[in-house]
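S.K.: I have a structure I would like to understand better, so I am pasting it below and will then ask my questions one at a time.
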Amino acid sequence: MPPTARTPRGRWIEAGLDALARGGPDAVRVEALAAGLGVTKGGFYGYFDGRPALLAELLDEWERRCTGDVLARVEAEGGSPAEKIRRAGLLTFTDELHRIDLAVREWARQDPAVAERLRRVDNVRMDFLRTMFAGFIDDPDEVEARCTLAFALAIGRHFIAVDHPGRTHREAIVLAGDHLLRP
């Protein structure tokens with residue numbers, strides 16, 4: 001009888017991130033993930049020491065994807081500071097990553113350790129924005145204001161429920177972003 005193939009570690013992490021995005025940390029349950037993957041939960045313990053270890057890995061993966069990977073790609077592709085800001089926003093707040101980001105933000109409201117992780121990630125993002133905006137704006141107060149507005153727009157755009165006369169919601173968001181990126 002051939003050996004049974006193990007479910008790759010990355011599939012457990014992807015399933016965990018999807019569960020997190022759909023229902024928060026309480027939805028990240030080993031039994032439910034195994035059922036969704038069509039496997040037994042025994043393979044899980046070959047990769048993780050338990051659910052807390054998986055939750056920590058999910059935060060690590062979220063942080064890697066939304067900061068490390070994004071900033072490395074932005075720097076590798078180059079461009080003006082405004083182009084880099086735009087690219088970082090497009091890469092960071094894809095629908096997939098934004099769902100996870102929002103779930104982590106909600107989780108952080110109830111878990112001080114997650115809140116500290118979120119603060120660290122957001123500070124990396126803001127430091128990037130400060131550096132980029134300072135590339136074409138001299139006034140430090142204006143740099144900080146634009147960074148804050150750009151960050152709030154990126155995170156909060158899904159919470160805005162308003163009609164934009166003559167525009168789609170996406171067009172209005174792009175218009176706001178373009179306004180923030182003016183020299």
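We did not get these values from a lab; they are worked out from the coordinates using the rules stated. None of the values given here were measured: they were computed from a predicted structure. So basically every Cβ, Gly included, is an ideal-geometry build from the backbone, and we count neighbours across all protein chains shown.
S.K.: Scan 70, 30, 39 and give me the residue that is closer than 30 Å to residue 146 by Cβ and of a type in the set (Val, Ile, Thr).
M.R.: None of the other options fit; the residue is 70.
S.K.: Given the conditions (1) without any contact (Cβ under 8 Å) to a residue 24 or more places away in the chain; (2) outside any helix (DSSP H, G or I); (3) more than 27 Å from residue 60 (Cβ to Cβ), and given that residue 110 satisfies all but one, which numbered condition is not satisfied?
M.R.: Of (1) without any contact (Cβ under 8 Å) to a residue 24 or more places away in the chain; (2) outside any helix (DSSP H, G or I); (3) more than 27 Å from residue 60 (Cβ to Cβ), only one is false for residue 110: (3).
S.K.: If you don't mind, another one. Only one of 44, 48 is among the aromatic types (Phe, Trp, Tyr) and either closer than 30 Å to residue 135 by Cα or in contact with a Leu (Cβ under 6 Å, 6 or more places away or on another chain) (or both); which?
M.R.: The unique qualifying residue is 48.
S.K.: Wholly within the stretch 1-65, which helices (runs of 4 or more DSSP H) include no fewer than the required count, namely at least 1 residues that are among the aromatic types (Phe, Trp, Tyr) and either buried (at least 19 other Cβ atoms within 10 Å of the Cβ) or in contact with a Ser or Thr (Cβ under 8 Å, 6 or more places away or on another chain) (or both)?
M.R.: Those helices (runs of 4 or more DSSP H) span 9-23, 51-63.
The rows are residues; the columns are (1) free of Cβ contacts under 8 Å to residues at least 40 places away in the same chain; (2) under 15 Å from residue 107 (Cβ atoms); (3) touching a Lys or Arg at 6+ places or on another chain (Cβ under 9 Å).
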| position | (1), (2), (3) |
| --- | --- |
| 13 | no, no, no |
| 19 | yes, yes, yes |
| 34 | yes, no, yes |
| 37 | yes, no, yes |
| 43 | yes, no, yes |
| 65 | yes, no, no |
| 77 | yes, no, yes |
